[in-house]
Amino acid sequence: IDPAAGGLPKSASRAMRKVQRLLALAESDNVHEAESAARAARRMMLRHNLSQVGTSRYGFRQLGRLSSRRSLHEKLLAAILIDHFFVSGIWTSAFDVESGRRGRVLEICGTPENLEVACWMHGFLLEAAERLWQKHREKSGSSGRERQRFLAGVMLGVRQQLAEQQRQDE
């Protein structure tokens with residue numbers, strides 16, 4: 001078990017710290033400021049990743065909870081991380097010692113810096129989607145059955161925005 005599952009690694013570069021600050025700005029309530037900060041962080045990640053070509057420092061992390069089933073929003077979130085945050089991923093079998101259950105969990109592989117960003121984005125997107133669901137539920141009085149569709153819609157929207165940003169950056 002990796003005890004350094006949170007925060008930046010001690011060897012984090014100056015660029016990585018700047019990316020972290022930009023991603024923190026991306027949590028702003030101001031939509032334009034949040035989008036601008038996320039776009040700037042992505043551009044910096046693109047530059048940073050290019051400078052690391054040829055390095056062999058790779059690690060892995062398991063993200064999310066162990067489960068026998070994966071919901072659509074979790075699958076879409078995995079695709080977002082793999083397509084846009086410079087990590088590779090696979091759903092792998094795992095065993096939870098506390099509950100004695102087997103299940104599957106997302107395992108990502110990449111450089112330590114890219115793992116940190118992908119891990120942070122995983123938590124951020126799940127929390128943001130849940131916050132949006134709670135606001136929507138309070139406004140519309142939606143039932144819990146609609147939650148899965150709503151969360152999948154949030155992830156699809158994020159995926160489409162990132163794909164559009166990627167086209168613009170290229």
In this structure, the FRET efficiency calculated for ALA128 and ARG167 from their beta-carbon separation, with R0 = 35 Å, to the nearest 0.05, is 0.95
With each label point set 7 Å from Cα along the Cα-Cβ vector, what nm distance links GLN62 and LEU156? 3.1
Would you please classify the overall shape of the chain from the alpha carbon gyration tensor, given that a ≥ b ≥ c denote the square roots of the eigenvalues, rounded means a/c under 1.5, and beyond that prolate means a/b larger than b/c while oblate covers the rest? oblate
Under 5 Å from the placed amide H of SER67, counting only residues 5+ away or on other chains, we find ARG104
In nm, spacing of pseudo-spin labels at ASN30 and ILE90 (7 Å Cα→C-beta vector): 4.5
Please say if segment 61-111 is rounded, prolate or oblate, where rounded means a/c under 1.5 for a ≥ b ≥ c the square roots of the C-alpha gyration tensor eigenvalues, and otherwise the choice is prolate for a/b larger than b/c and oblate otherwise? oblate
From DSSP H assignment alone, runs of 4+ in the chain each adding -39500 (n - 2.57), the sum over residues rounded to the nearest 500 puts [θ] at 222 nm at -19500 deg cm²/dmol
Extension gain, LYS18 back to ARG104 (0.36 nm per residue minus Cα-Cα distance, nm): 27.6 nm
For VAL154, VAL105, give me the order by solvent-accessible area with a 1.4 Å probe, most accessible first, ignoring ligands, DNA and RNA. VAL154, VAL105
Note down the accessible area of ARG104, probe 1.4 Å, to the nearest 10 Å². 100
Using a 10 Å cut-off on Cβ atoms, rank the peptides 133-144, 34-45 from the highest mean neighbour count down. 34-45, 133-144
Descending accessible area (1.4 Å probe), largest on the left, turns HIS32, HIS73 into HIS32, HIS73
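The values are calculated or read from the model by the stated rules, or taken from the named source; none is laboratory data. As the structure is a prediction and not an experimental result, all values here were calculated from the model. Quick reminder, even Gly has a Cβ in these numbers, built from the backbone with ideal geometry, and neighbours come from all protein chains shown. What goes into the accessible areas is simple: the full protein's heavy atoms, side chains included, and nothing from ligands, DNA or RNA. Shrake-Rupley method; radii C 1.70, N 1.55, O 1.52, S 1.80 Å.
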